[in-house]
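Down below is the structure, laid out as structure tokens.
Only the coordinates and a few stated rules stand behind these numbers; no lab work does. From a predicted model like this one, the values you see are computed outputs, not experimental measurements. Positions of Cβ are backbone-derived with ideal geometry, glycine not excepted, and every protein chain shown enters the neighbour counts.
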Amino acid sequence: MKHNALVVANWKLNPIGFDEAKNLLTELKKKLKKVNSTTIVVTPPFLFISDFSKSLKGGEIKLGAQDVFYEEIGPFTGEISAGQLVGFGVSHVIVGHSERRALGETDEQVNKKIQAIIKRRMTPIVCIGEKNRDEQGTFFNDIEAQIKGLAKGLLAKDIVKVVIAYEPIWAIGTGKTATVEDVKEMQLFIVSTLTKLYDRKTAEKVTLLYGGSVKASIAKELYEQGGMSGFLVGGASLNANEFSGIVNATIS
Ligand code: PGA
């Protein structure tokens, strides 16, 4: 099934200053005036969301967040809820990024966050990926466990609202992008795992992204042959030229 393309900028903990963040957004807005069917999402640090929500209103770029807490309100120091994000026009939320899982986030928490996001009618972008690859392919077991974990308790009508971003940890921030073959193989594996949990039609409705050292120079080949519907971009999303090059690679 052909999905509309989706390209997500994960700014992580960047940039350090608000002025730099605003400048980067202004540059991106200039470069990405007309993007046809590709959906573009920028996920800045939480602090910038309030300002960005005004400057992105009615434009081509959608506003996302890098995480959320699964409770709506109450004594949870330091947390931000799905209801609060929705109030600022956030449409997409990344969950289960490997950098958060490394800080202790569990499959169970990821699953609760997905449910909280769907309840607020936003789109969860759920990251999965193996630490390392081995010749025997046992890393596929980890991927399967992560898919089962994220899908736990989700009905077919909910799983089709989820975006799954395959981000092999060895490829994140290392400059070692996965090959087209690796990405294609993983796309087929994710669809077949979802087919076992639901059915083929449902599985094919789930939007899949690739992330991990995506650069403009290889984006077109990866997009056209990797079988995924777009990208989750870290480092390259902090450079307006690179990021717009990646977006353009998804426009035929
Ligand atoms: P990268 O990060 O593009 O810098 O590898 C991707 C991500 O972590 O989402």
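Here's a check for you: in region 212-221, which residue that is within 21 Å of Trp11 (Cα to Cα) and surrounded by fewer than 24 Cβ atoms within 10 Å (Cβ to Cβ) is nearest to the ligand (Cβ to nearest atom)? Only one residue fits best here, namely Ser213. Which of the residues belonging to region 89-142 are part of a loop (DSSP other than H, G, I, E, B), away from the ligand (no atom under 16 Å from the Cβ) and in contact with a strand residue (DSSP E or B) (Cβ under 7 Å, 6 or more places away or on another chain)? Correct list: Gly89, Val90, Ser91, Met122.
Please verify whether Lys176 is assigned to a helix (DSSP H, G or I) and out of contact with any strand residue (DSSP E or B) (no Cβ under 8 Å at 6 or more places or on another chain), treating the condition exactly as stated. No. Count of region 30-84 residues, restricted to those that are among the hydroxyl-bearing types (Ser, Thr, Tyr) and assigned to a helix (DSSP H, G or I), is 3.
Candidates Ala145, Ala236: the one that is closer than 27 Å to Lys29 by Cβ and either in a loop (DSSP other than H, G, I, E, B) or of a type in the set (A, V, I, L, M) (or both) is Ala236. Does region 46-58 contain at least one residue that is under 22 Å from Ile164 (Cα atoms), surrounded by 14 or more Cβ atoms within 10 Å (Cβ to Cβ) and out of contact with any Asp or Glu (no Cβ under 9 Å at 6 or more places or on another chain)? No, every residue in region 46-58 fails to be under 22 Å from Ile164 (Cα atoms), surrounded by 14 or more Cβ atoms within 10 Å (Cβ to Cβ) and out of contact with any Asp or Glu (no Cβ under 9 Å at 6 or more places or on another chain).
Filtering Phe231, Phe243 for residues that are in a helix (DSSP H, G or I), under 18 Å from the mean Cα position of the chain (by Cα) and within 13 Å of the ligand (Cβ to nearest atom) leaves a single hit, Phe243. Taking the criterion of being in contact (Cβ under 8 Å) with a residue 12 or more places away in the chain and farther than 30 Å from Thr26 by Cβ, the residues of region 70-97 that qualify are Tyr70, Glu71, Glu72, Gly96.
All of (1) free of Cβ contacts under 8 Å to residues at least 60 places away in the same chain; (2) farther than 23 Å from Lys148 by Cβ; (3) within 16 Å of the ligand (Cβ to nearest atom); (4) more than 14 Å from the chain's Cα centre (by Cα) hold for Leu24 with one exception: (1).
Looking across region 189-211, the residues that are touching a strand residue (DSSP E or B) at 6+ places or on another chain (Cβ under 8 Å) and either crowded, with 23+ Cβ neighbours inside 10 Å or outside any helix (DSSP H, G or I) (or both) come down to Val206, Thr207, Leu208, Leu209, Tyr210, Gly211. The set of residues in region 151-188 that are more than 16 Å from the ligand (Cβ to nearest atom), crowded, with 17+ Cβ neighbours inside 10 Å and aliphatic (A, V, I, L, M) comprises Ala151, Leu154, Ile159, Val160, Val162, Val180.
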